[in-house]
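Written below as structure tokens is the structure these notes are about.
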Amino acid sequence: MVEFIWAGYIKRQIPFVASDNKLRTAVINEIKKNYPEYKTMCEIGSGYGGMARAVARGCGMRVTALENMPFTYFVARVLDFVSGARGVKTLRVDAFKWLGEYDGVFDIGLAYLGAGINDRLIDYMHRFRVLFVLDVPMSNMVPVRVVDIGGGFTRYGDKKYPHKLFIYTK
């Protein structure tokens, strides 16, 4: 509840929405099937870090997880430690500011953000070889592929977005 108030009312951000096993499995399967040679991923808005840990474990990738919310970041770090997460580096940063200052390129970027926020990612496409966006497509780019994950949805405000994986390249 604290994070919801902090995000929605104080910071004017979309509140944290956890990824479920279905979403994590879809991302891992997509990586294994179409990007098996990729070794690095940046998760933008990583929440409690479940996706980051699952991808690091399931694909053997090095994952940089970016989270701005203080409590959510703290929980992610505790879960990283308790689970013995290897290959995950969780940072408490404003993802867009950090990506603007970062000088490298990740193999995969992954965002599970929301309407409007996802559109900001276009300015950072040069930081990723490929970008995965969950559920809410970017309105300013056309995906190269859409994977229907099937069943379930994410709700932002009063709108439902069915579980899909939108894949973008530069």
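Read the figures in this text as sums done on the coordinates, not as results from a lab. Bear in mind the structure is a predicted one, so any value in this text is a computation, not a measurement. Heads up, the Cβs are rebuilt from the backbone with ideal geometry, glycines too, and the neighbour counts pull from every protein chain shown.
Rounded to the nearest 20, the Cβ-based charge dipole of the stretch 22-77 about its Cα centre (Lys and Arg +1, Asp and Glu -1) stands at 220 debye. Per residue, the convex hull spanned by the alpha carbons of the chain comes to 109 Å³.
Taking a cut-off of 15 Å, what percent of all Cα-Cα pairs in the stretch 50-89 are separated by more than that? The proportion of pairs with Cα distances above 15 Å equals 32 percent. Candidates A65, Y38, G152 compared by Cα position along the dipole of the chain: farthest toward the positive end lies Y38, with charges placed on Cβ.
Net charge dipole, the chain: roughly 280 debye, given to the nearest 20, about the Cα centre with Cβ charges of +1 for Lys and Arg and -1 for Asp and Glu. In summary, the convex hull built on the alpha carbon positions of the stretch 106-149 has an orientation-averaged projected area of 3.0 nm². Ordering Y168, A54, F74 by Cα displacement along the dipole of the chain toward the positive end leaves A54 in first place; charges were set at the Cβ atoms of Lys, Arg (+1) and Asp, Glu (-1).
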